[in-house]
Amino acid sequence: MARVGLLGGEIMKTVSFEPHEWFDYAVKEGYNPSVIAFFRYNIQLFERTTPKAINLLNELLKENLTKDFRQELIVEVMGEIIGIEFLHFELVINNMPAFEDILNAPKTAKIPEHPAVLYGLVEALGEKASPDNMKKICEYINRLPDEYGVIAVKIAVLRDPKLIKYCIPLLKKWEDGLMWSFEY
C-alpha cells in the first residue's frame, strides 16, 4: 500500500509492506542474519518499529563497539522494549551449534529446541549456503521441523537461485507432507 501526500509543499510518499516482503528484501540486501531472525521470531515487534530504526540497528551491528556502548545504542535506536528484547535474543542465539559442526556431521549435529535459536540458525544456514556446502546443509535441514527448514531453503535460494537443485529431495518431502496434511 502506498500513500502520497503533501508536506510543506513537498511530495511525501509512505510505503508499507508485509513483514515477509521485508524479510525477502533484507536477505537480498545482506542484512545481518540476527536482525532478520529477531524480527521473524518477534513479528509483533517488527510491526511496532520503523524501517529506519531497523536499518540503523543493522548498520550499528557492523561497528566495532564496546559491549556497554553497543547495548546502550541498540536500546536508544530501537527503544527500550525492542532493544532489550533484541539483546536477550542475541544471548539466546549464541547457543546455536557451530556452522562447522553442522557441516562436519549434518546427520548428528545438535538440533536446538528453543524457537529463537532455530530462527537464528536457519537465517545463518541460509546466509552461509553455497554450492560447496548446500548438500550438507540440506542433510541437516532435513532433521529440522519443516517450518524452519523451509525458511532456510528460501533464504539460500533468494541469495543464489542455483542452490535450488540441491534442495529437490527436501522440496519433495515437504510437498508429500503438505499433501498428506490436507487429506481428510
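The values are calculated or read from the model by the stated rules, or taken from the named source; none is laboratory data. Just so it is clear, the structure is predicted and the values come from calculations on it, not from any experiment. Cβ sites come from the backbone with ideal geometry, for glycine too, and all protein chains shown count toward neighbours.
Within the bounds of region 37-58, is there any residue that is part of a strand (DSSP E or B), on the phi < 0 side of the Ramachandran plot and modelled with pLDDT under 95? Checked region 37-58: no residue is part of a strand (DSSP E or B), on the phi < 0 side of the Ramachandran plot and modelled with pLDDT under 95.
Where helices (runs of 4 or more DSSP H) fall wholly inside region 68-141, the ranges with 1 or more residues that are among the polar types (S, T, N, Q) and over 15 Å from Pro33 (Cα atoms) are 99-104. Considering region 139-152, and only residues there that are farther than 20 Å from Ala105 by Cβ and of a type in the set (A, V, I, L, M, F, W, C), the residue that is surrounded by the most Cβ atoms within 10 Å (Cβ to Cβ) turns out to be Ile151.
Among residues that are surrounded by 15 or more Cβ atoms within 10 Å (Cβ to Cβ) and either polar (S, T, N, Q) or assigned to a helix (DSSP H, G or I) (or both), Lys162 is not included.
Of the residues Lys67, Lys110, Lys13, Lys62, the single one that is farther than 21 Å from Glu127 by Cβ, at pLDDT 90 or above and not acidic (Asp, Glu) is Lys67.
In this structure, does Asn32 turn out to be surrounded by 17 or more Cβ atoms within 10 Å (Cβ to Cβ), within 19 Å of Arg159 (Cβ to Cβ) and in contact with a helix residue (DSSP H, G or I) (Cβ under 9 Å, 6 or more places away or on another chain)?
Considered against the rule, which asks whether it is surrounded by 17 or more Cβ atoms within 10 Å (Cβ to Cβ), within 19 Å of Arg159 (Cβ to Cβ) and in contact with a helix residue (DSSP H, G or I) (Cβ under 9 Å, 6 or more places away or on another chain), Asn32 comes out as yes.
Would you confirm whether or not region 133-147 contains a residue that is over 20 Å from Lys172 (Cβ atoms) and either at pLDDT 90 or above or not assigned by TED's automatic domain parsing to the domain that holds Asn42 (or both)? Within region 133-147, one or more residues are over 20 Å from Lys172 (Cβ atoms) and either at pLDDT 90 or above or not assigned by TED's automatic domain parsing to the domain that holds Asn42 (or both).
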